[in-house]
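Every read-out reported here was derived from the displayed coordinates using simple, explicitly stated rules and does not represent laboratory data. Predicted model, so just to flag it, every value in this text is computed and none were measured. Every residue, glycine among them, receives a Cβ derived from its backbone with ideal geometry; neighbour counts consider all protein chains shown.
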Amino acid sequence: MTRDTQPNGHHDDDKHHPVHFTEDGLPLEIETDALAMNEILALIGKSSDEWYLVEKRGRDRQEFRDPSQIVQIHEGAKFVAVFIGPTPVS
């Protein structure tokens, strides 16, 4: 029996295990280990028009500003959304 390898290196018959992570402290679970930055923001109802994503690893931070950038999501990853939209003036 042969297995077809997919572009991401997985095989057709590989079992997908859920990946657990948090975004702005909200626990999330997905069935893939990579999503575009804008898809991760959309999980909590935010748009890449006004937000970008930061992954926090201890004291290190990695910013994701390109909405189409593919982000590898590791088990237990912690992301925060950073607002970059206009600030209302009163």
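The label point for ARG61 and the one for SER47, both projected 7 Å from the Cα toward the Cβ, are 2.5 nm apart. Extension gain, GLU39 to HIS17, is 6.0 nm, computed as 0.36 nm per intervening residue step minus the present C-alpha separation. Cα centroids of segment 74-89 and segment 34-60: 6 Å apart.
Between VAL54 and GLU31, the simple spin-label model (points 7 angstrom out along Cα→Cβ) gives 3.3 nm.
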